[in-house]
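Participant: I am attaching a structure below and will ask some questions about it afterwards.
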Amino acid sequence: MKQGEDKQGPSEEAVLAALSTVKDPELHRDIVSLGMIRDLRICGGNVAFKFVLTTPACPVRNELQRLAEEAVRTLPGVESVNVEMGAEVRAHSARGGGPRPVEGVRNIIAIASNKGGVGKSTVAANLAVALAKHGARVGLLDADLTGPNIPTMFGLGQGHQAEVGLSPVERYGVKVASIGFVLKPGLAVIWRGPMIGSGVRQLLHELPWAEGGELDYLIIDLPPGTSDAPMSMAQEAPIAGAVIVTTPQSVSLEDATKAVTMFEKMNVPIFGVIENMSYFLCPHCGERTEIFGHGGAREAAEELGLDFLGEIPLDAQVRSGGDDGVPIVERDPDSPLAQVFTAIAERIAARASVQRFLPDRQAAVR
Ligand SMILES: Nc1ncnc2c1ncn2[C@@H]1O[C@H](COP(=O)(O)OP(=O)(O)OP(=O)(O)O)[C@@H](O)[C@H]1O
Ligand SMILES: [Mg+2]
């Protein structure tokens, strides 16, 4: 360090000017004006700073780090560049007069589709675990009050909280809550419309989601359809964005379109469409079979002006992960299959950042 002090290093202005040539590809603005550069320290030719991303699940994290390092390294007088990468998820700002925010929850992401059995719960479980593995603080709310599947998918016993009352349980780094925790196995509850509304309200607003620290993301696994639960959810919570899950069949796509229409009517932004059970890769010969056709969801998304977030193959490990209570992203995070879910989770986190960040024009280097 002493050696550096004697040398003429770059000025702060020069470093910031170099860094402001780097643009965030999602937000289409430079990283300095976005407030991502913090604690800039220049000691002779040694430059150090923190690079604070808007999500720990940033899909272009390494690329942005490389570009920032390169931009500074090429300045005259620079000997070394030390970048400390970090992330700070910003809270979704509800529009005035909208639903009451959920205390301690920064971004609510709803997983939906109009059709049953397309893989919403499977996708919700794996996305939640993928975001948690990136270091985000994540909750998962099972809003399927009449057929809760999340307890099984996380290996958390049905009815284990029947005596003590419902509260979120941490599993695989995710805070999970489901009405299934308080229902004894095999016990069905008949919910009428208004009860669903109040059930959803309680799950959102009366559970201690933020205990131990604010949640960056609360993933909500919605039941199928455009009935009471999704509607109540959109009324009760400021949803940062909805993700539509579909399979490639045309009937399923038609249904997905209905879900899109519902969210649009309720002023809930849609982050995009996922095609689940998109193709089958034979585990023996590797041959790809497109059982339900393929690519329909991408085309439909394009037609509807929505982002296509990715395709998930039909794979026995995805199903067994759900049945055995260990989502594939937890069981085998480095497998190509888990990577598919992780890449989609990163895209969704990026959408949430864009959604939240763009109206905020205030950015300062601290
Ligand atoms: N990509 C996949 N590969 C293999 N099996 C899958 C895949 N996605 C989901 N499944 C299986 O399909 C079944 C239905 O999935 P899931 O319960 O996630 O759907 P859902 O849309 O939440 O259903 P519901 O509408 O009843 O809530 C489950 O048995 C699940 O394990
Ligand atoms: Mg489900």
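Participant: Would you confirm whether any residue within the stretch 194-206 is surrounded by fewer than 24 Cβ atoms within 10 Å (Cβ to Cβ), at pLDDT 90 or above and in a loop (DSSP other than H, G, I, E, B)?
Facilitator: Filtering the stretch 194-206 down to residues surrounded by fewer than 24 Cβ atoms within 10 Å (Cβ to Cβ) leaves 194-199, 201-202, 205-206.
Restricting the remaining residues to those that are at pLDDT 90 or above gives 205-206.
With the extra rule that they be in a loop (DSSP other than H, G, I, E, B), the set shrinks to 206.
Yes, the stretch 194-206 contains at least one residue that is surrounded by fewer than 24 Cβ atoms within 10 Å (Cβ to Cβ), at pLDDT 90 or above and in a loop (DSSP other than H, G, I, E, B).
Participant: Within the bounds of the stretch 286-300, is there any residue that is in the same structural domain as Ile150 (by TED's automatic domain parsing), under 23 Å from the mean Cα position of the chain (by Cα) and assigned to a strand (DSSP E or B)?
Facilitator: No, the stretch 286-300 contains no residue that is in the same structural domain as Ile150 (by TED's automatic domain parsing), under 23 Å from the mean Cα position of the chain (by Cα) and assigned to a strand (DSSP E or B).
Participant: Going residue by residue through the stretch 110-126, is there one that turns out to be hydrophobic (A, V, I, L, M, F, W, C), away from ligand 1 (no atom under 16 Å from the Cβ) and touching a residue at least 12 places away in the same chain (Cβ under 8 Å)?
Facilitator: Filtering the stretch 110-126 for residues hydrophobic (A, V, I, L, M, F, W, C) gives 110-112, 118, 123-125.
Those left that are additionally away from ligand 1 (no atom under 16 Å from the Cβ): none.
Scanning the stretch 110-126 turns up no residue that is hydrophobic (A, V, I, L, M, F, W, C), away from ligand 1 (no atom under 16 Å from the Cβ) and touching a residue at least 12 places away in the same chain (Cβ under 8 Å).
Participant: Within the stretch 290-310, track down each residue that is without any contact (Cβ under 8 Å) to a residue 40 or more places away in the chain, under 20 Å from Thr122 (Cβ atoms) and in contact with a Leu (Cβ under 9 Å, 6 or more places away or on another chain).
Facilitator: Selection gives Ile291, Ala301.
Participant: Only one of (1) near ligand 1 (Cβ under 9 Å from one of its atoms); (2) more than 17 Å from the chain's Cα centre (by Cα); (3) surrounded by 24 or more Cβ atoms within 10 Å (Cβ to Cβ) is not met by Gly147, so which one is it?
Facilitator: The one condition Gly147 does not meet is (3).
Participant: Any residue in the stretch 281-290 that is hydroxyl-bearing (Ser, Thr, Tyr), out of contact with any His (no Cβ under 6 Å at 6 or more places or on another chain) and closer than 30 Å to Arg106 by Cβ?
Facilitator: no
Participant: Phe341 fails exactly one of the following numbered conditions: (1) in contact with a Ser or Thr (Cβ under 7 Å, 6 or more places away or on another chain); (2) within 15 Å of ligand 1 (Cβ to nearest atom). What is the number of that condition?
Facilitator: Failed condition: (1).
Participant: Given the condition part of a loop (DSSP other than H, G, I, E, B), surrounded by 23 or more Cβ atoms within 10 Å (Cβ to Cβ) and over 21 Å from the mean Cα position of the chain (by Cα), answer yes or no: does some residue in the stretch 238-249 qualify? Full working, then the answer.
Facilitator: Going through the stretch 238-249, the residues part of a loop (DSSP other than H, G, I, E, B) turn out to be 238, 247-249.
After this cut, where a residue has to be surrounded by 23 or more Cβ atoms within 10 Å (Cβ to Cβ) as well, the list is 247-248.
Filter once more, keeping what is over 21 Å from the mean Cα position of the chain (by Cα): 248.
For the stretch 238-249, residues part of a loop (DSSP other than H, G, I, E, B), surrounded by 23 or more Cβ atoms within 10 Å (Cβ to Cβ) and over 21 Å from the mean Cα position of the chain (by Cα): present.
Participant: Turning to a different aspect of this structure: Can you pull out the residues in the stretch 307-338 that are of a type in the set (Ser, Thr, Tyr) and either within 16 Å of ligand 2 (Cβ to nearest atom) or touching a Cys at 6+ places or on another chain (Cβ under 8 Å) (or both)? Let's see the steps before the verdict.
Facilitator: To start, the set of residues in the stretch 307-338 that are of a type in the set (Ser, Thr, Tyr) comprises 320, 335.
Within the stretch 307-338, none qualify.
Participant: Continuing with this model, one more query. Restricting the first residue to the stretch 312-340 and requiring it to be without any contact (Cβ under 8 Å) to a residue 60 or more places away in the chain, which pairs with a second residue that is among the basic types (Lys, Arg) and not in a helix (DSSP H, G or I) meet a Cβ separation below 9 Å and a spacing of at least six or different chains?
Facilitator: From residues that are without any contact (Cβ under 8 Å) to a residue 60 or more places away in the chain, the pairs are Pro313/Arg288.
Participant: Still on this model: Which condition breaks for Ala68 when tested against (1) surrounded by fewer than 19 Cβ atoms within 10 Å (Cβ to Cβ); (2) modelled with pLDDT of 95 or more?
Facilitator: So Ala68 meets the others, but not (1).
The values are calculated or read from the model by the stated rules, or taken from the named source; none is laboratory data. Computed from a prediction, not measured in an experiment: that's the story for all the values here. Cβ sites come from the backbone with ideal geometry, for glycine too, and all protein chains shown count toward neighbours.
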